[in-house]
Amino acid sequence: MSIINVVNVGKVYGKGPNSVRALKNINLKIDKGEFIAIVGASGSGKSTLLNILGGVDRATEGDVYIDKINLGELSENDISLLRLRKLGFVFQLYNLIPVLTVEENIEMPVLLDDGTMEENYKEELIKMLGLDDRKNHLPSELSGGQQQRVAIGRALANKPDIILADEPTGNLDSNTAMDVMDLLKYITSKYNQTLVLITHDEKIAAMADRVITIKDGEILND
């Protein structure tokens, strides 16, 4: 069953002769539990598509459904709540809060939703991330790979249905990158979460169930 459904989506930035068409007539269905890699050259529209899927940006044309909810019909406040509860984000830059510990950084999305993270789940997650002995450390006391593991933990804190990852290994060396990807694939598979990932790395793309190639704002291959 499709958890993401993209119907005739287009995206135009600007108006008139200076406008830029970033996406053209994108149609895409992604099932629950699938791991999708999106590849393409810089400027092809990959990040624009990911931002639209995450409700960070709005489509100019067409419709995007997340678990049958049409993002185009939601207010900004409702989109923020949907992002908080149904989506997890992992970026190339870790974006951790420097004054918070590993544990506090991971808990942040739950606290923002006025909740409390289930203790057993939090401990299980921290253990799977290999951060048991680092949970009271600050980000400045961690390696790049460890910081990205914290970012993954934060993305998973609310048990979201969908993880959107934009070049999550872009700042890591090749060995650390593969370790992080193995971990991300294992955890999302364990919790039957959908993973949509942008990457330039062919080895990482090869780990996915499907590889979608975008060129000049259009899907070239799926």
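The values are calculated or read from the model by the stated rules, or taken from the named source; none is laboratory data. Since we're looking at a predicted model, the values are computed, not measured. Don't worry about glycine lacking a Cβ; one is built from the backbone with ideal geometry, like all the others, and counts go over all protein chains shown. To get the accessible areas, we keep the full protein, side chains included, count just its heavy atoms, and leave off ligands, DNA and RNA. Shrake-Rupley method; radii C 1.70, N 1.55, O 1.52, S 1.80 Å.
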> Which sequence of Met117, Met178 reflects their accessible areas, 1.4 Å probe, from the largest down?
Replying inline: Met178, Met117
> What are the extents of the Cα atoms of the chain along their three principal axes, listed from largest to smallest and rounded to whole Å?
Replying inline: 54, 38, 36
>> Run the helix sum for the chain: -39,500 (n - 2.57) per DSSP H stretch of 4+ residues, divided by residue count, reported at 222 nm to the nearest 500 deg cm²/dmol.
In response: -10000 deg cm²/dmol
> Given q = 0.10, 0.23, 0.26 Å⁻¹, what are the Debye log10 I(q)/I(0) values for region 121-202, with equal point scatterers placed on the Cα positions and solvent ignored?
Replying inline: -0.22, -1.21, -1.47
> Where nothing but the Cβ of Lys and Arg (+1) and of Asp and Glu (-1) is charged, how large is the charge dipole of region 164-222 around its Cα centre, in debye to the nearest 20?
Replying inline: 260
>> Is there a quick way to get the dipole size of the chain? I mean about its Cα centre, with the Cβ of Lys and Arg at +1 and of Asp and Glu at -1; what is the value in debye to the nearest 20?
In response: 600
>> Which of the three applies to region 1-86, rounded, prolate or oblate, going by the alpha-carbon gyration tensor with a ≥ b ≥ c and a/c under 1.5 meaning rounded?
In response: oblate
> For region 28-146, what is the accessible area per residue in Å² when the probe is 1.4 Å?
Replying inline: 50
> How many angstrom separate the Cα center of region 43-102 from the Cα center of region 122-170?
Replying inline: 19
